1. Can you send over the solvent-accessible area of Phe674, 1.4 Å probe, protein chains only, in Å² to the nearest 10?
2. Hey, what angle do you get for helix 307-334 against the long axis of the chain, alpha-carbon based, 0 to 90 degrees rounded to 10?
3. Can you tell me the 0 to 90 degree angle between the C-alpha axis of helix 277-303 and the longest principal axis of the chain, rounded to 10?
4. HN-Hα J couplings of region 206-213 from phi, Karplus 6.51/-1.76/1.60, θ = phi - 60°, integer Hz, Gly and Pro as x?
5. Using a 1.4 angstrom probe on heavy atoms only, work out the carbon and sulfur share of the accessible area of the chain in %.
6. Rank these residues by their accessible area, most exposed first, probe 1.4 Å: Tyr133, Tyr660.
7. Set the Förster radius R0 to 51 Å, insert the Cβ-Cβ distance between Arg379 and Ala51 as r into 1/(1 + (r/R0)^6), and round the FRET efficiency to 0.05.
8. Roughly how tilted is helix 584-598, in degrees to the nearest 10 and between 0 and 90, from the longest Cα axis of the chain?
Amino acid sequence: MSRLFNFLIACPRSSLLVVLIATLVISLGTLRLKIDFSPEQVYVGADNAVAFCEAHKKLFRFEDSIVLILLESTDGRSLIREDCLNWMSRLAAAAETLDGVREVTSIVTLERPRVSLDGNTHVTWSPFLAPDYYGNEDYVARRLERVPLLNDTLVSQDRQLMMTLVDLDPDDRTITRATARVRSIEHTLAGLPLPDGTMTSMSGVPAIRVDVIDSILRDQMQMVPVCSALFLLVSLLMFRSFSVTMLSLFSALSTVALTMGFMGWLNVTFSVMSNMIPALLLIVAAANNVHVLSRFQVEVRQSGRDLESCARSTMHEMSRTCFLTLATSGIGFGSLLIARAELLQSLALQAAGGMICCYAALMLILPQTLVLCGPALARRSGTRQPQLTRRLLSVIGPNSRTVASDNRPPIVRSETDSSANGADCAEGAGSAHHKRASAGHADRADQSSTDRPATSRLDGMWRTFGAVISRNSAAIVTLHLLLAAWTLWSCRNIAINSYMLETYDGDHPTIQTVRKMDQRMSGLISLEVQLRAETRERLFDEDLAAALSRLREILPQDDRITFYRDYIEFLSVFDHGRTLVSDPAEAAKSLQRVQLALRQLDNQDVTSAFLADGQPAARVMMRIRDVGSAGMKDLIRKVSMHLNQELPEDIAFSVTGDAYLHAICMDAFVRDLFYSLIAASGVIFLLITLLFRSLKIGLIASVPNMFPLIMTLGYMHLRGYELTAGNVIVFAISLGIAVDDTIHFLARYRDERKRTSAREAIQATLFSSGRAIVLTSVLVVSGLSVLIFSDFVPTRRFAELTAITMCSALPGDVILLPALLALFDGRRPGSAACTDGERAAS
């Protein structure tokens, strides 16, 4: 690193040009970036349940590949009229010609089976609605009334909503194919003039996936520029230098460009969880920029050396500190690898890689920034560099090299402190040497105060603040611990409940369409039951038909179930509904006739949606409301209980479907996030302990980093938020971000503590690092505010809760942490102070 910094500082402009070119080349990988989202990314991990659900869909009907096109009346008129039916017919004809479309289903494409029992049972087919009768609304209404099974599936009961199902090839569900097919359907819809008083909308898993990707792209096009502009404004207000601001922004944007570029070149998939990464990386890089630039200002102000020397010294010190802070942030993200969900594992790798890119960008750009913008930073720090150097040399004398290299902030000791510290060093160089060194510091403080009256006032404020904390450390720690304990007690009953459709707000068009389907059609969220018998013929027996009839009366009574259909209801269309009669014996006879008719079918795919082809398995289909994972688990228990009570003992069943996967996987998802948080906390604690070589410091650092997480939990309780997957992920990520300021404080405190008492070290650390901690906290919170404009509820919730965490971390770092150090770090100053005194005396 020394050679690297020396080269960058010696050739600032040419090295910046090389870094710029390399960044541009790598960022070209962004053009190859793959963006995707699918439920499977969340559910991967519960392998047995996911595998069974996948097999179930392939066995019956793969509804994840169906696009739903809704035609809705906007003027209150019925849609079963000629212009609407002709429009649906044209839509079906156009959609059937599209690439990847297997089948189009609507009331105008349906064919009705007719079973003949004249010797050899056979089935004939005829159109459900003859095109010649589209203009006869009474005829269409009668036909629909004779087949009540169509209600809530293809047409609503009020006849003001009709649906067309476009079945896409399920063997190729890549996002590239899905996007192309959804776009072609949209293009087809755009080319069909709508009937008067109607509107269309699209839903289904393929359409929602494409809509999510479109929202991700819109978010990035909006948030990154706005976040950059916000950082530009904050940086200008802090440093009041255009050149400093632009180079700082360059290093922050380089972090994003490198991360996204590498993701593209490595074929990494950018998901809905990745949506927060660019803005988050921009904020983290900007915060570390502020710490480095602020440290450089302190170095210039205190040492009196030339700008290049100060730049080298600053980069050597801050390279270690930034490495530690970014490593802990990476650990916070990397802990998500413990989770089994592919979505979280991908986020962990992407964010951890982003931290590496952030460190590289900082180390390759900030050294030149310090040199090129050194005069502006020195002026902003209140130091007139040439005059300060000459005055220090004249005051301190020929031994100024050693004394000037002391990077401590100016400390004016009282007589009591001076004599006490002199006694501490009596074993080394003697109190006289220490007094001369103290006098030198006092002279420098007096001289610098002549040049920096504003800085002296700021110095006094931080020192007074530090003195108050030191005097009241026990009360401060006690108050924080009591507040944390009360918050945890208040939140003891907070619920864990994740919703399937929490991606968007309720007023988003996608959610409005889903709710429309829940209220007026069959719904979208599936809860399925697979029935298995020893033989296919067993599925047509009287006792099983009677059991399913009882279940048909019981289960739909639950208002969480919006739609219910079993295979016997489906087969009733072959025998004019006789299979649904209340008399079990008559129903069984009808089923036997249907069974004979099914053997004559030329195409077994006609019944494959509810009866497995070649296997003794049948399907019960339910659609439910999005009641959250807790409500779904309760409903699954209820359904399983009734199935156990009603089904014959030899009939096996398995509950599956998207709702089932969500219920079991999201609970595991949330538990994995808690385990990730525990793992991240342990690793960060261990890392701090090892790097500071002190178990005490590691324990002290853990308290102010747990405090903001507890406060965030309390805020969630006050806001009425539940522990959803999107909310819980905040804790693991925020821990890695919040600990950064703690590390910056401890790193500076360690250096100060080697030379002086805990009280003076706290005051000096607050003076040199307190301003940067406050500014970076403001920068992070203001940067996260950009995410409030995201289309995604989890992204906005992440911004809100992370901002609360950072606001809680600020008092933890500048109040609670100093109080803990004053209370528990009572050791004497290290030998470094004595050694410095000896060298100064010599």
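1. Approximately 70 Å² for this residue.
2. Once rounded, one gets 30 degrees.
3. 0 degrees
4. Running phi through 6.51 cos²θ - 1.76 cosθ + 1.60 with θ = phi - 60° gives x, 5, 5, 4, 5, 5, 4, 5 Hz.
5. 58 percent
6. Sorted descending by solvent-accessible area, the residues read Tyr133, Tyr660.
7. 0.20
8. Approximately 90 degrees, to the nearest 10.
The values are calculated or read from the model by the stated rules, or taken from the named source; none is laboratory data. Bear in mind the structure is a predicted one, so any value in this text is a computation, not a measurement. Because the Cβ atoms are built from the backbone with ideal geometry, glycine has one as well, and the counts that use them run over all protein chains shown. Only protein heavy atoms, including side chains, enter the accessible area calculation; ligands, DNA and RNA are left aside. Shrake-Rupley method; radii C 1.70, N 1.55, O 1.52, S 1.80 Å.
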